[in-house]
Structure formats: C-alpha cells, structure tokens
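Sharing a structure below in structure tokens format, with a few things to ask.
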Amino acid sequence: MNERAVYEYAVVRVVPRVEREEFVNVGVAMYCRKQRYAQVKIFVDVPKCTALDPAIDLELIYRHLESFAKICAGDREAGKIAELDQTERFRWLTAKRSTLIQCSAVHPGLCISAEDTHEALFKKLVL
C-alpha cells in the first residue's frame, strides 16, 4: 500500500483592483515536504480578469506569475528567495499581502501522489 503524505496548498489569485477585493483564481501553489514537491500551476482566464478591470495590465500579471512560479520551483534565476528551502519558499509565497497577486489561506490534506493531487486541485479550483 502506498503511504499518504501531508501536503499544503493555496489558491493563487489575481486581484486587479485591490480596493474592490474582487479576484480571479489563476493558480494553485502546492507543497509536500515528504515528496520534495513544491510547484505552482497557473492559468490566467483573460476574459474574467478584464471583466473585473478592463484596463488590467496583463503583461505585468504574467511577469509576476512567472516570478512566483520560479520562486516556488527554486529556480536560482528568481533571486535570493528562490534559494530558500521549499518550506520557507512556500511560506513566503503564501504570506498575506495586499497586492495584485495574492493567495488564499493555506489548506492541508493527505495525498499519495503530490503531482496527481496538484493537478486535481488545479482542475477543480482554477479551470
């Protein structure tokens, strides 16, 4: 029997106008220490984002999300934060902030395959 591992995830959101507190789910960041898994899956639904703010800067959003993904994966090109261990990177990325890119609260669960669970969460919460 396969052993279950604890994982944590947060929904990544685009908040076009922070003062309005409206958002679009654009990704899921997931971390599983036991399986050494830390990734983010991203999909930007442009019509939803522009419905909240027709003047939204999509290029800026894509740059921020690319940086988010690189940090999560530990890509050294992303700077000092990407050099932290997986736990520290995940905690930094999912910390509360009031910016264009925000995360939901962190939620725990149990999985056999972090990658399969991540894909299922992404389909359910973003697509």
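Here, each number is a calculation from the coordinates, and none is a lab measurement. As the structure is a prediction and not an experimental result, all values here were calculated from the model. Quick reminder, even Gly has a Cβ in these numbers, built from the backbone with ideal geometry, and neighbours come from all protein chains shown.
Taking strands (runs of 3 or more DSSP E) that do not extend beyond the stretch 1-95, which have at least 1 residues that are farther than 21 Å from Val126 by Cβ?
Details: elements: 5-14, 24-32, 37-42.
Ranges flagged: 5-14.
Condition check: free of Cβ contacts under 8 Å to residues at least 40 places away in the same chain, hydrophobic (A, V, I, L, M, F, W, C), under 16 Å from Gly27 (Cα atoms) and loosely packed, with under 14 Cβ neighbours inside 10 Å. Does Ala120 satisfy that? Show your work before the answer.
Values: free of Cβ contacts under 8 Å to residues at least 40 places away in the same chain: yes; hydrophobic (A, V, I, L, M, F, W, C): yes; under 16 Å from Gly27 (Cα atoms): yes; loosely packed, with under 14 Cβ neighbours inside 10 Å: yes.
Yes: the conditions hold for Ala120.
Among Ile112, Ile101, which is the only one that is in contact (Cβ under 8 Å) with a residue 60 or more places away in the chain, over 20 Å from Ile42 (Cβ atoms) and touching a strand residue (DSSP E or B) at 6+ places or on another chain (Cβ under 9 Å)? Break it down stepwise before answering.
Values: Ile101 fails: over 20 Å from Ile42 (Cβ atoms).
Residue meeting the stated conditions: Ile112.
Among the candidates Val18, Val46, single out the residue that is surrounded by fewer than 18 Cβ atoms within 10 Å (Cβ to Cβ), farther than 18 Å from Gln102 by Cβ and either in contact with a helix residue (DSSP H, G or I) (Cβ under 9 Å, 6 or more places away or on another chain) or not basic (Lys, Arg) (or both). Walk me through how you get there before you give the answer.
Details: Val18 fails: farther than 18 Å from Gln102 by Cβ.
Answer to the selection: Val46.
For the stretch 8-25, indicate whether the set of residues that are without any contact (Cβ under 8 Å) to a residue 24 or more places away in the chain and either among the hydrophobic types (A, V, I, L, M, F, W, C) or over 19 Å from Leu110 (Cα atoms) (or both) is non-empty. Step through it out loud before you land on a result.
Just the residues of the stretch 8-25 that are without any contact (Cβ under 8 Å) to a residue 24 or more places away in the chain, to begin with: 19, 21.
Among the residues that remain, those that are also either among the hydrophobic types (A, V, I, L, M, F, W, C) or over 19 Å from Leu110 (Cα atoms) (or both) are: 19, 21.
Within the stretch 8-25 (the criterion being without any contact (Cβ under 8 Å) to a residue 24 or more places away in the chain and either among the hydrophobic types (A, V, I, L, M, F, W, C) or over 19 Å from Leu110 (Cα atoms) (or both)), the answer is yes, since at least one residue qualifies.
Of Ala78, Ala95, Ala73, which residue is of a type in the set (A, V, I, L, M, F, W, C), within 17 Å of Tyr37 (Cβ to Cβ) and without any contact (Cβ under 8 Å) to a residue 40 or more places away in the chain?
Ala73
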